[in-house]
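Visitor: Take a look at this one; I'll ask things after.
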Amino acid sequence: MAEIEVLESGFENLSATELMSKKSGIEGEIHELLQGLDAQGGVGMKGSLIDSEKFPRNDIDLYAVRSARQRVIRLRNDHKSVMKEIENKLHELHAESKLNKLLQTDTQTITRDTGGNKEILEKTFARISMVSYGSPADKAELKNGDLLIEFGSVNITNFSGIGDIGRVVQHSEGARVSVQVLRGEKRVGLSLEPKRWSGRGLLGCMVNPI
């Protein structure tokens, strides 16, 4: 598996487009590494590397597992740094057109004039419901009825099922995920951190395809 180049620092020198590309590349490599770890007897990131008799397991490639785990840890740290820089870029962008270029990839916006008022119809693919109080979703200010426009790297152009959201959540535990929703007729940008909390899952809400 070819590795993408991931910088340990200097993300602040990247453009918004480069940051989004870097984010997608990191998420893709993490996904491949986790798949490889699952293929190693389902050892994952936390499975034991010794058997019941306290000897190194002989059913897995110990070197490959350790290397993959270390790589995932480094990539997750890089992902946090990239997301921080993306947030900084968002604060610097004042024009709505520039914001759309950063956050929207091949998502069509249909604008029509109705008596001088413009109604923006966004392409959405899932609905948020059952947001639990105190959950990561609640703290990110997701609301019941919000319609997802973008969840991390997932949007209407590449959404194939709820598993796409699950993979982004799994790969982004403890990191920030950029989320765009349609709330009424308003587009709202949020920053969500999937993580363990007192309830079930890493989000604390339901995501239903539409």
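The values are calculated or read from the model by the stated rules, or taken from the named source; none is laboratory data. In this text the structure is predicted, and so the values were computed from the model without any measurement. Here Cβ is always computed from backbone atoms with ideal geometry, including for glycine, and neighbour counts include all displayed protein chains.
Visitor: For segment 191-205, does any single residue satisfy the condition of being outside any loop (DSSP other than H, G, I, E, B), surrounded by fewer than 17 Cβ atoms within 10 Å (Cβ to Cβ) and not assigned by TED's automatic domain parsing to the domain that holds Leu33?
Guide: For segment 191-205, residues outside any loop (DSSP other than H, G, I, E, B), surrounded by fewer than 17 Cβ atoms within 10 Å (Cβ to Cβ) and not assigned by TED's automatic domain parsing to the domain that holds Leu33: present.
Visitor: Just to be sure I understand, how many residues within segment 175-185 are at pLDDT 90 or above and surrounded by fewer than 17 Cβ atoms within 10 Å (Cβ to Cβ)?
Guide: Within segment 175-185, residues that are at pLDDT 90 or above and surrounded by fewer than 17 Cβ atoms within 10 Å (Cβ to Cβ) number 1.
Visitor: Follow-up question, since we're still on this one. Could you pull out every one of the helices (runs of 4 or more DSSP H) wholly within segment 1-112 that has 2 or more residues that are modelled with pLDDT of 65 or more, among the hydrophobic types (A, V, I, L, M, F, W, C) and surrounded by 13 or more Cβ atoms within 10 Å (Cβ to Cβ)?
Guide: Values: elements: 16-39, 62-92, 96-103.
Correct list: 16-39, 62-92.
Visitor: With Ile210, Ile149 as the choices, which residue is modelled with pLDDT of 90 or more and over 28 Å from Gly36 (Cα atoms)?
Guide: Result of the check over Ile210, Ile149: Ile149.
This table checks each residue for (1) in contact with a strand residue (DSSP E or B) (Cβ under 6 Å, 6 or more places away or on another chain); (2) loosely packed, with under 13 Cβ neighbours inside 10 Å.
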{"position": "Ser132", "(1), (2)": "no, no"}
{"position": "Pro136", "(1), (2)": "no, no"}
{"position": "Asn144", "(1), (2)": "yes, yes"}
{"position": "Leu147", "(1), (2)": "yes, no"}
{"position": "Ser153", "(1), (2)": "no, no"}
{"position": "Gly161", "(1), (2)": "no, yes"}
{"position": "Gly166", "(1), (2)": "no, no"}
{"position": "Val169", "(1), (2)": "no, no"}
{"position": "Glu173", "(1), (2)": "no, no"}
